[in-house]
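Every read-out reported here was derived from the displayed coordinates using simple, explicitly stated rules and does not represent laboratory data. Quick caveat: nothing in here was measured; it's all calculated off a predicted structure. Neighbour counts are summed over all protein chains in view; Cβ atoms, including those assigned to glycine, are modelled from backbone coordinates with ideal geometry.
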Amino acid sequence: MAIRILPPEVASKIAAGEVVERPASVVKELIENALDAAARHIAVELVGGGKRLIRVSDDGIGILSDEVELAFHRYATSKLSRIEDLHHITTLGFRGEALAAIAAVSHLTLITRAVGEPMGTRLHLEAGRVVQREAVGAPQGTVVSVENLFYNVPARLKFLKQESTERAHISALVSRYAMAYPHVRFVLTHGHQEVLHTTGSGDLRTVLSEVYGVETASQMIAIERPEEPPRSDLPPITVSGYVGLPNLNRSNRNQIVIFVNGRWVQDANLTYAIVQAYHTMLMVGRYPVAVVMITLPPEEVDVNVHPTKAEVRFRRPDAVFSAVQRAVRHTLVQHAGTAPIRAELVWGSPEWAARRERLAQVTGEHLRQMGIDLGVESPGQYTHQAASSEETKPASPTVRRRSLPPLRVVGQVGATYIVAEGPSGLYLIDQHAAHERVLYERFMAEHAAHSLATQELLEAVAVEVLPEQMTLIEENLEMLHAVGFLVEPFGRNAVRLRGVPALVAGSDPVGALLAALGEIECGEMPTGSTAEEKLIARVCKQAAVKAGQVLSHAEMEALIRQLEACQAPQTCPHGRPTMLHLSAEELARQFGRLGAI
Ligand code: ADP
Ligand code: MG
């Protein structure tokens, strides 16, 4: 094929693809333009998850009537004129690409009136071409309406997720800008429904309550600077914002939000710096909630790394990393009194001794009440015969072969593993993984038999959720009901939890619901049974006994018996092993007994 220059329509669509990936990208660019125009009030209206309409209105400085068309040219910007300007960017935009890109792939209407001009302008574009222009009366500021996004890029349109997913992305995005700009009043509506409304009072804590709910916000503390002498060799870096107390934690990193000079960025290193500051305060696999603002001289940051500007590069990344980590750590340590640190029971710790003491007092009477007869087992004897009735039955095709040998519980180590003895050696069982497997199989069996029991809570609990989670709950109400959660919308960003799956009723009901939501939120939801299975697996993980939980002998016995009854006792529902086996031969070999007399 001969080399040729692409026609402008093709080139502009390709270029648009870099900036505009989905409705949320449009909202991002339009909000950034409004903020750059010094708006104090930004309203975002959506219809159809932004696929039908996105309208962003601001009361900023507006666009001069004779520059309106120019704004839609590629590389047309008022924010930068010389290449040197790139080194100290103080605006969110500077590439002059967004309006051109958005207009190229939608039907766009702009109404704007600049400060000091008597009349406003209305401009309508289709696929980037101006089709209508007129003078109109309009308040100062700018309103951009984007309709039928990607109508002329069918490939993109096809890849858009369902309405609720796009909506959730936009809610999360607007929430982030609201936090970064507490002086600006943000209102987000979807159809007739108001999803988020901040006051613009300038107080970040107020915004946090508006975004996360009062209860969550009350568990967040303002970042305090450690007192250190200023260092002349380092750039002045300010770290501010709020971090959650350790007991406010999540199963993923999504609630760690970082801004650099007012720009939301995704930065794995800085996220790690924040997580690290919680070292030993959070359980493995749990992540904090944090809103961290980093301010530093513009020349210290390269914001021109990516068309969407969501990644930045620092001139001295180590200095920024350590400033963030020290500030967050210092803040947490200051509040150590209020932060319940994980009481991990490790061998030899005083807590461990106390628990063991208490467990030793568990009497035989207590165990019999639990329906467990430990007999008079002595080490080395296989006296456990609980499953013998099943074993003596003649093997028939309907009787499932036991996939685990009968195990005798010897004890617990590290408050995490159960040591058991079987006919062919020693078994170390991960109590959490094992319990997860047990709950999962019971859950799935009940689910398959359509007999999933729901346990109603004695008192309904109100649970605060994020706007984007609210959307997901509404969209997935049926599935949540199907697995046993009795939940209903309750006010703007809260739900009322009236019941939970009976199988997990013994544990923390709110935790179970939040775990389920976490799964819906993170998983790219496949439809049908797989989504439910994933949800169930997640809820079981949450409800299962944790590592670090001391179990009585009776509890361990019960768990092992239940594990024996499982179809696939060797792994947890996520595929990790539940147990390690050290065979009698291996033991003998290790002790040099093999062949010895
Ligand atoms: P950039 O923001 O990178 O400059 P855009 O394509 O987003 O590029 O916008 C082009 C120009 O249009 C901006 O530089 C600005 O002058 C003007 N503009 C866009 N949106 C607004 C707005 N909401 N208010 C005022 N001016 C705007
Ligand atoms: Mg812009």
Added length on full extension, which subtracts the Cα-Cα distance from 0.36 nm per residue, residue 133 to residue 571: 151.1 nm
Full extension between residue 460 and residue 183 adds, at 0.36 nm per residue less the Cα distance, a length in nm of 96.1 nm
Can you tell me how much longer the chain between residue 488 and residue 593 gets when fully stretched, taken as 0.36 nm per residue apart minus their C-alpha distance, in nm with one decimal? 31.4 nm
What shape does region 446-524 have by the C-alpha gyration tensor, where a ≥ b ≥ c are the square roots of the eigenvalues, rounded means a/c under 1.5, and otherwise prolate means a/b greater than b/c and oblate the rest? oblate
Percent relative contact order of the chain, based on C-alpha pairs within less than 8 angstrom and at least six residues apart? 11 percent
Translational diffusion coefficient of region 298-338 at 10 °C, 1.306 mPa s, Stokes-Einstein with Kirkwood Rh over Cα pairs, in µm²/s as a whole number. 132 µm²/s
Could you tell me how many degrees, from 0 to 90 and to the nearest 10, lie between the Cα long axis of helix 23-36 and the main elongation axis, the longest principal axis, of the Cα atoms of the chain? 50 degrees
Distance-filtered residues of region 56-93 - backbone nitrogen under 20 Å, label point 7 angstrom along residue 316 Cα→Cβ: 87-89
Hull-based mean projected area of region 210-270, where the convex hull spans the alpha carbons, in square nanometres: 5.8 nm²
Relative contact order as a percentage, region 205-324, C-alpha pairs under 8 Å and 6+ apart, gives 28 percent
What order, most packed first, do the peptides 281-293, 104-116 have when packing is the mean number of other Cβ atoms within 10 Å of each residue? 104-116, 281-293
For region 14-80, just say rounded, prolate or oblate: build the C-alpha gyration tensor, square-root its eigenvalues into a ≥ b ≥ c, call rounded for a/c under 1.5, and beyond that prolate if a/b exceeds b/c, oblate if not. oblate
If you count, for each residue, the other Cβ atoms within 10 Å and average over each peptide, how do 422-431, 222-231, 143-152, 196-205 line up from highest to lowest? 143-152, 422-431, 196-205, 222-231
In what sequence, highest mean first, do 154-161, 1-8 appear when ranked by Cβ atoms within 10 angstrom? 154-161, 1-8
Which shape class applies to the chain: rounded if a/c is under 1.5, otherwise prolate when a/b exceeds b/c and oblate if not, where a ≥ b ≥ c are the square roots of the Cα gyration tensor eigenvalues? prolate
Plugging the Cβ-Cβ distance of residue 215 and residue 269 into 1/(1 + (r/R0)^6) at R0 = 30 Å yields, to the nearest 0.05, a FRET efficiency of 0.45
Percent relative contact order for region 492-586, counting Cα pairs under 8 Å at least six residues apart, stands at 21 percent
With charges only on Cβ, +1 for K and R and -1 for D and E, what is the dipole size of region 1-127 about its Cα centre, in debye, rounded to 20? 360 debye
Give, as a single signed number, the net charge of other residues whose beta carbon lies under 13 Å from the beta carbon of residue 326, with Lys and Arg counted +1 and Asp and Glu -1. -1
